[in-house]
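What follows is one structure encoded as structure tokens, with my remarks underneath.
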Amino acid sequence: MTEPVTCVLREMRWWDIDPVLELERDLFPDDAWSRGMFWSELAHARGPEATRTYVVAEAGERIVGYAGVASSGEQADIQTIAVAREHWGTGLGGRLLTELLRAASAFECAEVMLECRVDNIRAQKLYERFGFEAIGFRRGYYQPGNVDALVMRLTDPSSVQGTQING
């Protein structure tokens, strides 16, 4: 395991989009989100009608991770979680996921869903440590590579609150 690094988590803002896009393109070159997708998500992340929470992780002045969750009624959907390669194994993925589960609880969601590439075993193990269970597949979900997604669900995200899990 890599030595833990001090990262500060904070709300993602519009001025974070460019450094987040840089990380996004490095980690997900085949199916990276566009600038417009991030703008659209952030447009729903503030104010009394907010349905999204997005956070970034900073190490010094550099963004080394980001994550987002959307809520709709009693269900939340993890939209994205990403950690810079040099921070893999530090627990940062677990911190980001914990923050999203807190947000889902604040939105009063009873369950949290997500899709994960079937070939992303590292992410699947993180989600399993937090209690997510595989419930199905979405064939050809990730385009243009036509990669299947594993659908995972966590019931009662508030039960994970305060749990210290390294990821």
Working only within the range 126-146, note down all residues that are surrounded by fewer than 17 Cβ atoms within 10 Å (Cβ to Cβ) and either within 21 Å of residue 75 (Cβ to Cβ) or in contact with a Gly (Cβ under 8 Å, 6 or more places away or on another chain) (or both).
128, 129, 133, 134, 135, 136, 137, 138, 146
Provide a single number: the residues in the range 104-116 that are of a type in the set (D, E, K, R) and open to solvent by 50 Å² or more (accessible area, probe 1.4 Å).
1
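Inside the range 39-103, counting only strands (runs of 3 or more DSSP E) that do not spill past its ends, which hold 3 or more residues that are within 19 Å of residue 128 (Cβ to Cβ) and open to solvent by 10 Å² or more (accessible area, probe 1.4 Å)?
Numbers: elements: 52-59, 62-72, 75-83.
Hits in the range 39-103: 75-83.
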What number goes with the only condition from (1) modelled with pLDDT of 95 or more; (2) not in a strand (DSSP E or B) that residue 167 does not pass?
(1)
In the range 5-33, the residues that are at pLDDT 95 or above, more than 16 Å from residue 87 (Cβ to Cβ) and out of contact with any strand residue (DSSP E or B) (no Cβ under 8 Å at 6 or more places or on another chain)
13, 14, 15, 17, 18, 21, 25
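Given the residues 112, 160, 147, 151, which is the only one that is at pLDDT 95 or above, over 13 Å from the mean Cα position of the chain (by Cα), farther than 19 Å from residue 13 by Cα and β-branched (Val, Ile, Thr)? Give the steps one after another, and end with the answer.
Numbers: 112 fails: over 13 Å from the mean Cα position of the chain (by Cα); 160 fails: at pLDDT 95 or above; 147 fails: at pLDDT 95 or above.
When all the criteria are applied, what remains is 151.
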Residue pairs meeting the criteria (Cβ under 9 Å; at least 6 apart or on separate chains; first over 12 Å from residue 70 (Cα atoms), in the range 35-46; second part of a loop (DSSP other than H, G, I, E, B) and open to solvent by less than 90 Å² (accessible area, probe 1.4 Å))
38/12
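Hey, among 64, 56, which residue is over 26 Å from residue 148 (Cα atoms) and either in contact (Cβ under 8 Å) with a residue 60 or more places away in the chain or in contact with a Gly (Cβ under 8 Å, 6 or more places away or on another chain) (or both)?
Working: 64 fails: either in contact (Cβ under 8 Å) with a residue 60 or more places away in the chain or in contact with a Gly (Cβ under 8 Å, 6 or more places away or on another chain) (or both).
The match here is 56.
The values are calculated or read from the model by the stated rules, or taken from the named source; none is laboratory data. The structure displayed is predicted, hence computed values, not measured ones. Neighbour counts are summed over all protein chains in view; Cβ atoms, including those assigned to glycine, are modelled from backbone coordinates with ideal geometry. Accessible surface is based on the protein model in full, side chains and every heavy atom, while ligands, DNA and RNA are left aside. Shrake-Rupley method; radii C 1.70, N 1.55, O 1.52, S 1.80 Å.
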